[in-house]
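Enquirer: This is the structure I have questions about; it appears just below.
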Amino acid sequence: MGMNTLLSAEELWPDKFPNSFQNRANRIIKYLKTQNLEGLRIADCGVYNPMARQVENMLGQKINSLDWNFDYPIKSVQSYDVILCFEVLEHLFNPLIFLESIKAMLYYNGVLYLSTPRQWPQCLKAIHHYHEIPNDRLMWLFDAAGLKVIECKKITIAGNWYNHIHGIRPILRYFQKTRLYKLCKA
């Protein structure tokens, strides 16, 4: 697969999650279970996917999928109490445009749950990541988009250690964490 090749929905969301993704999804869902989301209007960024299905099952309510070319602004007529955005930001050419569009879709007291990986050296970066944004720049990006951080948690994305013993890059990525932010309008 070339550097500029877009991944298909089947490649992004296979029937069986990779172990590291399943671990990350379980940790994010465990965190969401501590939040009071019952009866709220919720949307998830991207095509309907297995993680959205897991969150729907956990909440017992439907989640709308927000799916457009996230590198361009969108004017939505719908607003949401909660928007979920897991592992999207690092794939975009224009994350500020995306965050501004998402902010416009939040109700006044709405909340955005966003996860993105911690910055790693270039040699460890995933080939389909355009940005792995350091903390200080991420805070600037949130501020520029008019979003305020309510809470931040670091989540280990690695699954079982034995899935990481086939090369130096997988071994090093075993220690990678993703950051989960709870954001609101500033």
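Enquirer: With a 1.4 Å probe and all protein chains kept in place, how do Val111, Val77, Val82 rank by accessible area, largest first?
Expert: The residues order as Val77, Val111, Val82, largest area first.
Enquirer: What is the spin-label model distance, in nm, from Asn135 to Val47 if the labels are put 7 Å beyond Cα along the C-beta direction?
Expert: For Asn135 paired with Val47, the spin-label model returns 3.6 nm.
Enquirer: Measure off 7 Å from each Cα along the Cα-to-Cβ vector at Ala144 and Glu38, then give the distance between these two points in nanometres to one decimal.
Expert: Distance between the two pseudo-spin positions: 4.1 nm.
Enquirer: What residues qualify as long-range amide H neighbours of Asp44, i.e. H under 5 Å apart, gap of 5 or more or another chain, H built at 1.01 Å from N?
Expert: Asn64, Ser65, Leu66, Leu84
Enquirer: Taking 0.36 nm per residue of separation and subtracting the Cα-Cα distance, what length does fully extending Cys184 through Lys30 add?
Expert: 53.4 nm
Enquirer: At 0.36 nm per residue, and after removing the present C-alpha to C-alpha distance, how many nm does the segment from Tyr107 to Ser65 gain when stretched out fully?
Expert: Stretched fully, the Tyr107-Ser65 segment lengthens by 13.4 nm.
The values are calculated or read from the model by the stated rules, or taken from the named source; none is laboratory data. Predicted model only: the values in this text are computed from it and were never measured. Heads up, the Cβs are rebuilt from the backbone with ideal geometry, glycines too, and the neighbour counts pull from every protein chain shown. Only protein heavy atoms, including side chains, enter the accessible area calculation; ligands, DNA and RNA are left aside. Shrake-Rupley method; radii C 1.70, N 1.55, O 1.52, S 1.80 Å.
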